[in-house]
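First the structure, in the form of structure tokens, and then the observations on it.
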Amino acid sequence: MDGVQLHRLGKRLIDLARQVTTDAGDTVLTPGEIAVLEDVLKHPGSVVTEIQARTGFAQSHVSTSVSRLRERGLIIASPDPEDRRRTRLTLAEIAHQAIMRRAGRPADEAIAKAVGEDKADRVLALLNELTQLLD
């Protein structure tokens with residue numbers, strides 16, 4: 001496997017994961033908003049410049065995403081106790097619960113749809129083995 005094949009596989013797995021973790025009734029978020037939510041989930045109490053550095057997005061893009069997420073009640077902003085000019089960001093409980101609920105959805109159906117019922121069990125077994133080997 002070369003780098004291009006690995007990249008294509010990674011992209012395909014990300015697309016499958018997105019199918020599993022979202023559905024038609026879910027709130028529609030931009031890729032930037034999803035990246036910001038993921039970053040704040042992993043790094044609660046972050047400031048915009050820290051999120052910008054980790055995601056690689058322009059600061060204006062992160063700020064816009066944070067603003068939209070705050071308006072939707074998905075991110076909570078509070079003043080930094082050490083420097084009141086800075087704002088620390090955390091996930092709202094509703095966002096945390098939604099992320100955990102979606103993350104727990106089984107992937108079996110999406111895998112079967114992608115590769116066919118006859119290959120689904122083998123693909124799932126290989127993915128489980130790969131997960132164990134790479135963790």
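Hey, any hits in the stretch 7-26 for a residue that's of a type in the set (S, T, N, Q) and farther than 30 Å from Val123 by Cβ?
Step one: filter the stretch 7-26 for residues of a type in the set (S, T, N, Q), giving 19, 21-22.
Retained after the next criterion (residues that are farther than 30 Å from Val123 by Cβ): none.
So far as the stretch 7-26 goes, no, none of its residues is of a type in the set (S, T, N, Q) and farther than 30 Å from Val123 by Cβ.
Can you name the number of the only condition in (1) part of a helix (DSSP H, G or I); (2) at pLDDT 95 or above; (3) not small (Gly, Ala, Ser) that His7 fails?
(2)
Condition test on Arg68, is it among the charged types (D, E, K, R), surrounded by 13 or more Cβ atoms within 10 Å (Cβ to Cβ), touching an Asp or Glu at 6+ places or on another chain (Cβ under 7 Å) and over 28 Å from Leu16 (Cβ atoms)?
Working: among the charged types (D, E, K, R): yes; surrounded by 13 or more Cβ atoms within 10 Å (Cβ to Cβ): yes; touching an Asp or Glu at 6+ places or on another chain (Cβ under 7 Å): yes; over 28 Å from Leu16 (Cβ atoms): no.
Against the criterion (among the charged types (D, E, K, R), surrounded by 13 or more Cβ atoms within 10 Å (Cβ to Cβ), touching an Asp or Glu at 6+ places or on another chain (Cβ under 7 Å) and over 28 Å from Leu16 (Cβ atoms)), Arg68 does not qualify.
Can you tell me which condition Ala107 does not meet? The list is (1) surrounded by 12 or more Cβ atoms within 10 Å (Cβ to Cβ); (2) within 14 Å of the chain's Cα centre (by Cα), and all the others hold.
Unmet condition: (2).
With the checklist (1) within 28 Å of Leu9 (Cβ to Cβ); (2) touching an Asp or Glu at 6+ places or on another chain (Cβ under 6 Å) in hand, flag the one item Thr22 doesn't pass.
Condition (2) is where Thr22 drops out.
Please go through the stretch 14-53 and give me each residue that is in a helix (DSSP H, G or I), in contact with a helix residue (DSSP H, G or I) (Cβ under 8 Å, 6 or more places away or on another chain), surrounded by fewer than 17 Cβ atoms within 10 Å (Cβ to Cβ) and not hydroxyl-bearing (Ser, Thr, Tyr), ordered by number.
Filtering the stretch 14-53 down to residues in a helix (DSSP H, G or I) leaves 14-21, 31-42, 48-53.
Applying the additional criterion that residues be in contact with a helix residue (DSSP H, G or I) (Cβ under 8 Å, 6 or more places away or on another chain) yields 16, 19-21, 32-33, 35-37, 39-41, 48-49, 51-52.
Imposing the further condition that a residue be surrounded by fewer than 17 Cβ atoms within 10 Å (Cβ to Cβ) reduces the set to 19, 41, 49.
Gln19, Leu41 - these are the residues of the stretch 14-53 that are in a helix (DSSP H, G or I), in contact with a helix residue (DSSP H, G or I) (Cβ under 8 Å, 6 or more places away or on another chain), surrounded by fewer than 17 Cβ atoms within 10 Å (Cβ to Cβ) and not hydroxyl-bearing (Ser, Thr, Tyr).
Considering only the stretch 75-83, I want to know if a residue exists there that is crowded, with 16+ Cβ neighbours inside 10 Å, under 21 Å from Met100 (Cβ atoms) and modelled with pLDDT under 95. Give the derivation first.
Step one: list which residues in the stretch 75-83 are crowded, with 16+ Cβ neighbours inside 10 Å, which gives 75-76.
Narrowing the set further to residues that are under 21 Å from Met100 (Cβ atoms) leaves 75-76.
This time we only want the ones that are modelled with pLDDT under 95, so: none.
No, the stretch 75-83 contains no residue that is crowded, with 16+ Cβ neighbours inside 10 Å, under 21 Å from Met100 (Cβ atoms) and modelled with pLDDT under 95.
Using beta carbons and a limit of 9 Å, which pairs, at least six apart or on different chains, have the first residue in the stretch 54-67 and within 14 Å of Leu29 (Cβ to Cβ) and the second one assigned to a loop (DSSP other than H, G, I, E, B) and not polar (S, T, N, Q)?
Ser65/Leu29; Ser65/Phe57
The values are calculated or read from the model by the stated rules, or taken from the named source; none is laboratory data. Just so it is clear, the structure is predicted and the values come from calculations on it, not from any experiment. Neighbour counts run over all protein chains shown; Cβ positions are idealised from the backbone, glycine included.
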